1. List the pair-distance distribution P(r) of the chain, using every Cα-Cα distance, as the percent of pairs falling in each 10 Å bin from 0 up to the bin containing the longest distance, rounded to whole percents.
2. Given the options 77, 39, 60, which has the most mean-square fluctuation in a GNM of the chain, springs set between C-alpha atoms less than 10 angstrom apart?
3. As a footprinting exposure proxy, order 141, 65 by other Cβ within 10 Å, with the fewest listed first.
4. Compute the orientation-averaged projected area for the stretch 21-156 from the convex hull of its Cα atoms and round it to one decimal in nm².
5. Taking only Cα atoms, what is the 0 to 90° angle, nearest 10, from helix 147-158's long axis to the longest principal axis of the chain?
6. What is the calculated FRET efficiency for residue 26 to residue 235, with r their C-beta to C-beta distance and R₀ = 25 Å, to the nearest 0.05?
7. Using a 10 Å cut-off around each Cβ, can you sort 23, 253 from fewest to most neighbouring Cβ atoms?
8. I want to verify a result. In a Gaussian network model of the chain, Cα cutoff 10 Å, which of these has the top mean-square fluctuation: 235, 58, 17?
């Protein structure tokens, strides 16, 4: 079994994605998706950015490794009557089902960063993007004090060490690594730019309840709790996450959650 596929098919990421919709729409408005473009949304989940891309008039293909998220994405477009967006299964490190130079823009927001073999991922992204096209990635930043980097840091401290040769997805949040990977795929350094950007999680319930959503539905946090249970540390992990979520909640209410998270936005001109 592909470990990355198993991770993202565990739980139900759509429950977390529901708190990310607003920021997905805002991000799409900033990155230059326009009507008539062919867009690949890679590691698309259930379409947090793919659906807003389609609403600009672009023709959108969403690709994700998790079968349940692909099904959820196809259900969302059907329910909303969107005919210029579809979802299919695929692996960001091997997009052999997609032809060279197929897309005007490739977007991957917290998606391709989690695929193994990052040099292969960069090569595949460049291969399927047309010359003159653009790749936009959103990647969490290692050591960043905001929400998601801290969730992943805390979760990893409770889980067994990864297998030998494992490359942390968080390395996609380090500019030098990104430049090296795209450089290896033939992209000149001056064609890669970086900016710090923000994604806000908005939920109509308390930060403590939001922790329980991650505990129940988000693969990396689920794995951390599984490991913590075995070591008698589940209560400790719960407390650490509750402290994090409550301290970062900007909603002004104990009964709702609004937490901004910083990420690295990467733009590559092919």
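A short reminder: the numbers here are calculations on the coordinates, not readings from a lab. Since we're looking at a predicted model, the values are computed, not measured. Neighbour counts run over all protein chains shown; Cβ positions are idealised from the backbone, glycine included.
1. So the P(r) values, bin by bin, are 7, 30, 37, 20, 5, 0.
2. Between 77, 39, 60, it is 77 that shows the largest mean-square fluctuation.
3. The order, fewest Cβ neighbours first, is 141, 65.
4. Projected area, direction-averaged: 8.5 nm².
5. For 147-158 against the chain, the angle is about 60 degrees.
6. 0.10
7. Working: 23 21, 253 9.
Ordered by Cβ neighbours within 10 Å, fewest first: 253, 23.
8. 235
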